[in-house]
Amino acid sequence: MNMLVTPASPATPNGTTSMPNGTTRPQVRIVIVGHVDHGKSTLVGRLLHETGSLPDGKLEMLKAVSARRGMPFEWSFLLDALQTERDQGITIDTTQIRFRTNSRDIVLIDAPGHAEFLRNMITGASQADGAVLIIDALEGVRDQTRRHGYLLHLLGVKQVAVVVNKMDRVDFSADRFKEISDEISAHLNGLGVTPTAIIPISARDGDGVADRTDRIGWYKGPTVVDALDRLEPARPLEALALRLPVQAIYKFDDRRIVAGRIESGNLIAGDEIVIMPAGKIAKIKTVESWPVTPIAGRQGAGRSVGITLDRELFVERGDIIAHASAAPRETRRLRARIFWLHDKPLAKGDQLLVRCGPKESRATVVAIEKAVDPGELESRENKAIGRNHVGEIDISLSNPIATDPCTENPRTGRLVIEVSGRIAGGGLVLSVDAGQRAVPVDIVPVESALRPDERSARYRHNGAVVWLTGLPASGKSTLAKALERRLFTNGGSPILLDGDTVRAGLNSDLGFSASDRSENIRRLAEVATHLARNGHIAIVAAVSPAREDRATARRIADTAFREIHVATPAEICEERDPKGHYKKARAGALASFTGIGNDYEVPQAAELVIDTSTRTVADAVDEIEQMLKTTGVLFDELVDLAANI
Amino acid sequence: MHLLRTDSGADGRDSRAAVSEQIPVALTAPSMDHLDQLEAQSVYIFREAFARLKKIALLWSLGKDSNVMIWLARKAFFGRLPFPALHVDTGKKFPEMYRFRDHYGKEWELDLRVEPCPPIDAVDPTLPPAARSAARKTEGLKMALAKYGFDGLIAGIRRDEEATRAKERVFSPRGLEGNWDVRDQPPEFWDHFNASPPQGAHLRIHPILHWTEADIWAYTKRENIPIIPLYLAKDGKRYRSLGDQDITNPVSSTATNIDEILIELEQTKVPERAGRALDHETEDAFERLRVAGYL
């Protein structure tokens, strides 16, 4: 229900009107949740009245209409009436209502009570700073009461006020109230949530909403309006360790800006940082902004920022930037407590996509425990997590991610799960199995003594990674060697990194599974990029069949990357078969061999495509050389001469 | 405030720069006010949209909201709009709006694409007149989508401005026909957005969904964002919302600057889109339009 109700403006002490956006008053967002028909609409109607938020004459008019129709007036009519009368002066909808208490601007986010709309309840409640959990005094705690309580806990809504409504129906019995407060307290405490207040009310009659009436004279705590007035607005998590998840790297101009939102902690230019999960170390050079840039001063949690680093490092979306002394953990395995919204229950062995901030990774459910319907009183444990149920899962991730347990950082310690491109669940990271890695704080990369232009002046080229990809026996190594010879003859500094050669040493621990192949490519790209940064032309000849792996290599090498697809037809490659691999594979003696299956993913945007079956090696090398000239790797002699005249 | 004029009004920015340099280096960061929080959230949404979708465009209606949006995008991308600004032109905007578009399209170095709408005859004749007129824009939008193949369109709608808009998600999937299924919206929480539209369909992205009309004006003033002068009162009337000339009416007002607009908003009980004829024809005209793909 979204209604901007604008009462006669309450004057601030000095008589000036406060800003409508709440710059002088804290704004808090709340949800009212609970079982269907326990009195949410009535409470909202009553709250609007008690806080003086209704337009003049509205209440009288509705009461007159009810009397004329011979119906008892109901507070919930207010919402219906406001909804249909939006044209006459009030904007309204089922998402947000705004009203004011003495010291707070309250934005009330609607959260449907019906079980069918749990995904909408979650969408609403996840934006809230606080919640009011409403319980019918007669009916007591029901399944949706428990379920909503559980979800508030999982969503991280810590300020929860409980109201026990319809006290008039139980004759304002203090005993009944105590019974319900004990039950709900036990449920919430079991989840680690302490209610900020438990308030007996009759939303219909007004008891306990804004006034402690005689009928609840035995109750000494706050009213609902008092409780709302004490809610604290969301506080950015500045006191925690720095966590800056990387959303993107921008190179719109000569700056290379790492952009993201600071989820916790703060940063300032000059800070020593570590990029996780890779564990690379750098210093923040500048904090960029617009229209004024760079900006001085510390930037705290909640800010969307852009930083530049003091050295060129491979950073990608999903990495987390932290201070070197307090880094998050790198892991491929974690345990989470999740809620599940998808129609199909989540079961052991399921393949998922997990998102932890901007980082995404494919994952497999390794184990499921404590799968229950949080609405049931006696929770029966299941093997799978059904729709609208919760559970604890162990997941194994295909890529390492950096994360924190939710108890250490509520922002980075949570994740969502996607199925078929749609969010299907979410939850809290309970624990991580940290990888065994050198403590990154001890790693201090040493930069070269030479400047890049000193090298390029000697070699007459810039550093580059020339990446030859193609089927086995397509001619990659032959071309690579010919290119190496040509560049060397011209005074350059080429270095050959042949896939098989590197596998014999550096990568001898790797096999041919998809993840080993990825790691093989990543290492090749890292080494090649290091050479390129130091002015050499690294020539990589590797089948590299997976598009995603080559994309990783391109990200690592960045602007130095030149991809050449050696696109010799498959039949010809098999005919050549200099290493005898095709023959072995056909005989079934070589598993995971790329070439005879359909597992080679053809590049879509290679800088050059060469078919070695239709031209000589010398022609092909000419073509590569030309490409390297036009893309700024090799210096064009003529242009250079002209520049020197 | 910064009306359509050619000097760049850099004074405000410079004074801010000077202030920030005087802040001593402290161990805690300066706290964020309400507008800072809104801005940071919008910037986050822009960066997510740019990172996760392949081909996006910003719908520039030339009004106060989409101008704030462009400003926020330039905050997100360090002065640039790294994707096209799409103006689906009904041909019936106010002359001041076209002047504004041509001037700031250049000054802000926008990749501006102006796409025309089909003639009125091509639009559902069962709709009431103003809604039918507005539905032309939906058709124009569909044509532009087909022409460029965008998988994401950034739109400057806000929850507080109109009933059906309040139900929106930040990343809102549209069907193959551009239609919106309000009953089957995916969950969206913790700033995780559903960013995978089915093949051939597209997403609407709403970076200022959480802003209010007053927020827009307060931010416009703080950031010195240019506005079309029609928003300011002249002869006792001003426009609160700008659409096509023939279906938009001014409201009574004496507000001649943004401060006065903010005071007026604090006191008014008239909704923002009161001057938009299409909102008032029938109860469901707007919802029907939105289900069909209107903004």
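Restricting the range A:51-72 to residues that are in a loop (DSSP other than H, G, I, E, B), on the phi < 0 side of the Ramachandran plot and modelled with pLDDT under 80, the residue that is surrounded by the fewest Cβ atoms within 10 Å (Cβ to Cβ) is A:72.
Of the candidates A:192, A:140, A:124, the single residue that is in contact (Cβ under 8 Å) with a residue 12 or more places away in the chain and in a helix (DSSP H, G or I) is A:124. Would you say residue A:473 is touching a residue at least 60 places away in the same chain (Cβ under 8 Å), in contact with an Asp or Glu (Cβ under 6 Å, 6 or more places away or on another chain) and buried (at least 16 other Cβ atoms within 10 Å of the Cβ)? Taking the combined requirement at face value, the residue satisfies it. Checking each residue in the range A:229-261 for being under 18 Å from the mean Cα position of the chain (by Cα), closer than 17 Å to residue B:78 by Cα and within 11 Å of another protein chain (Cβ to nearest Cβ) picks out A:246, A:247, A:248, A:249, A:259, A:260, A:261. Among the residues that make up the range A:583-600, is at least one of them modelled with pLDDT of 90 or more and part of a helix (DSSP H, G or I)? Among the residues of the range A:583-600, not one is modelled with pLDDT of 90 or more and part of a helix (DSSP H, G or I), which makes the answer no.
Taking the range B:29-39 as the range and being surrounded by 20 or more Cβ atoms within 10 Å (Cβ to Cβ), within 8 Å of chain A (Cβ to nearest Cβ) and closer than 17 Å to residue A:29 by Cβ as the test, only B:34 passes. For residue A:79, the conditions (1) surrounded by fewer than 23 Cβ atoms within 10 Å (Cβ to Cβ); (2) at pLDDT 75 or above are fulfilled apart from (2).
Tell me which residues, restricted to the range B:99-114, are farther than 14 Å from residue B:79 by Cα and among the aromatic types (Phe, Trp, Tyr). Steps first, please.
Step one: filter the range B:99-114 for residues farther than 14 Å from residue B:79 by Cα, giving B:99-103, B:112-114.
Across the range B:99-114, the qualifying residue is only B:100.
Among the residues of the range A:412-431, the ones that are in a loop (DSSP other than H, G, I, E, B), closer than 23 Å to residue A:118 by Cβ and modelled with pLDDT of 90 or more come to 1 in all. So residue B:175 ticks every box in (1) surrounded by fewer than 18 Cβ atoms within 10 Å (Cβ to Cβ); (2) in contact with a Cys (Cβ under 8 Å, 6 or more places away or on another chain) but one. Which box is left unticked? Here residue B:175 clears every test but (2).
Of the residues A:246, A:292, only one is closer than 26 Å to residue A:408 by Cβ and aliphatic (A, V, I, L, M); which?
Values: A:292 fails: closer than 26 Å to residue A:408 by Cβ.
Among A:246, A:292, only A:246 is closer than 26 Å to residue A:408 by Cβ and aliphatic (A, V, I, L, M).
Test each condition in (1) under 23 Å from the mean Cα position of the chain (by Cα); (2) closer than 30 Å to residue A:104 by Cα for residue A:210 and report the one that comes out false. Going through the list (1) under 23 Å from the mean Cα position of the chain (by Cα); (2) closer than 30 Å to residue A:104 by Cα, residue A:210 breaks only (1).
Which residues, counting only those in the range B:59-83, are farther than 21 Å from residue B:222 by Cβ, touching a residue at least 40 places away in the same chain (Cβ under 8 Å) and either at the interface with another protein chain (Cβ under 8 Å from one of its Cβ atoms) or not in a loop (DSSP other than H, G, I, E, B) (or both)? Once the filter is applied, which keeps residues that are farther than 21 Å from residue B:222 by Cβ, touching a residue at least 40 places away in the same chain (Cβ under 8 Å) and either at the interface with another protein chain (Cβ under 8 Å from one of its Cβ atoms) or not in a loop (DSSP other than H, G, I, E, B) (or both), the range B:59-83 yields only B:59. Please determine, by comparing only the residues of the range A:56-70 that are among the basic types (Lys, Arg) and more than 15 Å from residue A:45 (Cα to Cα), which one is farthest from the chain's Cα centre (by Cα). In this case the residue turns out to be A:68. A search for C-beta distances below 6 Å between a residue of the range A:155-166 that is closer than 13 Å to residue A:188 by Cβ and any residue that is β-branched (Val, Ile, Thr) and in a strand (DSSP E or B), counting only pairs 6+ apart in sequence or on different chains, returns A:161/A:132; A:162/A:198. In the range B:196-204, is there at least one residue being modelled with pLDDT of 90 or more and more than 13 Å from every other protein chain (Cβ to nearest Cβ)? Yes - at least one qualifying residue is present in the range B:196-204. Considered as a group, the residues in the range A:131-160 that are among the small types (Gly, Ala, Ser) and buried (at least 24 other Cβ atoms within 10 Å of the Cβ) include one that is farthest from residue A:217 (Cα to Cα), and that residue is A:149.
Tell me, which strands (runs of 3 or more DSSP E) lie completely within the range A:270-359 with 2 or more residues that are away from chain B (no Cβ under 14 Å)?
Details: elements: A:272-276, A:280-288, A:304-309, A:320-323, A:329-340, A:351-356.
Once the strands (runs of 3 or more DSSP E) in the range A:270-359 are filtered for at least 2 residues that are away from chain B (no Cβ under 14 Å), what remains is A:272-276, A:280-288, A:320-323, A:329-340.
For residue B:106, indicate whether it is in a helix (DSSP H, G or I) and loosely packed, with under 14 Cβ neighbours inside 10 Å. Break it down stepwise before answering.
Working: in a helix (DSSP H, G or I): yes; loosely packed, with under 14 Cβ neighbours inside 10 Å: yes.
Against the criterion (in a helix (DSSP H, G or I) and loosely packed, with under 14 Cβ neighbours inside 10 Å), residue B:106 qualifies.
The values are calculated or read from the model by the stated rules, or taken from the named source; none is laboratory data. Every value quoted in this text rests on a predicted model; they were computed, and no experiment measured them. In this analysis, Cβ positions are derived from the backbone assuming ideal geometry, glycine residues included, and neighbour counts consider all displayed protein chains.
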